[in-house]
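One structure is given here, and the rest of the page talks about it.
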Amino acid sequence: MNKIRVSEIADGMVGLPTIFTVDTHGAGEGHLEVTISDGRRTLPAELKKVQSRKFDIGFIPEMPGKHSIAI
């Protein structure tokens with residue numbers, strides 16, 4: 001059973017914010033860490049609390065292609 005739920009992540013565009021939602025209700029107490037990489041470097045990610053244990057995560061892609069997201 002997944003303890004953390006992630007919303008669908010739409011295809012992004014270089015230079016425009018990409019935002020997705022992370023719901024940690026099933027994971028219990030703890031610290032949420034998100035790392036986003038474009039394959040060359042780690043991109044800054046902004047976490048915004050939406051409600052208790054639910055966050056919007058935003059980042060701006062700097063180059064086209066697949067990005068990896070670790071939660």
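The values are calculated or read from the model by the stated rules, or taken from the named source; none is laboratory data. Keep in mind that what you see is a predicted model, and the values were worked out from it rather than measured. Positions of Cβ are generated from backbone atoms using ideal geometry, with glycine treated the same way; all protein chains shown enter the neighbour counts. Just so you know, the surface numbers come from the protein's heavy atoms only, side chains and all, with ligands and any DNA or RNA stripped out. Shrake-Rupley method; radii C 1.70, N 1.55, O 1.52, S 1.80 Å.
To keep it simple, each residue is scored yes or no on (1) crowded, with 16+ Cβ neighbours inside 10 Å; (2) of a type in the set (D, E, K, R).
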site: Leu16; (1), (2): no, no
site: Ile19; (1), (2): no, no
site: Glu29; (1), (2): no, yes
site: Asp38; (1), (2): yes, yes
site: Pro64; (1), (2): no, no
site: Ile69; (1), (2): yes, no
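Has region 14-32 got any residue that is part of a loop (DSSP other than H, G, I, E, B), under 11 Å from the mean Cα position of the chain (by Cα) and more than 26 Å from Pro64 (Cα to Cα)?
Within region 14-32, one or more residues are part of a loop (DSSP other than H, G, I, E, B), under 11 Å from the mean Cα position of the chain (by Cα) and more than 26 Å from Pro64 (Cα to Cα).
Among the numbered criteria (1) of a type outside the set (A, V, I, L, M); (2) at pLDDT below 90; (3) within 15 Å of the chain's Cα centre (by Cα), which single criterion is violated by Asn2?
(3)
Show the residue pairs that are 6+ apart or on different chains and have beta-carbon atoms under 6 Å apart, the first residue being within region 42-58 and farther than 21 Å from Leu16 by Cα, the second being open to solvent by 70 Å² or more (accessible area, probe 1.4 Å).
Final answer for the pair search is Arg53/His25.
How many residues, within region 41-62, are open to solvent by 70 Å² or more (accessible area, probe 1.4 Å) and in contact with a His (Cβ under 7 Å, 6 or more places away or on another chain)? Walk me through it before giving the result.
Let us first name the residues in region 41-62 that are open to solvent by 70 Å² or more (accessible area, probe 1.4 Å), namely 41-42, 44, 46-52, 60, 62.
Adding the requirement that they be in contact with a His (Cβ under 7 Å, 6 or more places away or on another chain) leaves none.
Residues in region 41-62 being open to solvent by 70 Å² or more (accessible area, probe 1.4 Å) and in contact with a His (Cβ under 7 Å, 6 or more places away or on another chain): 0 in total.
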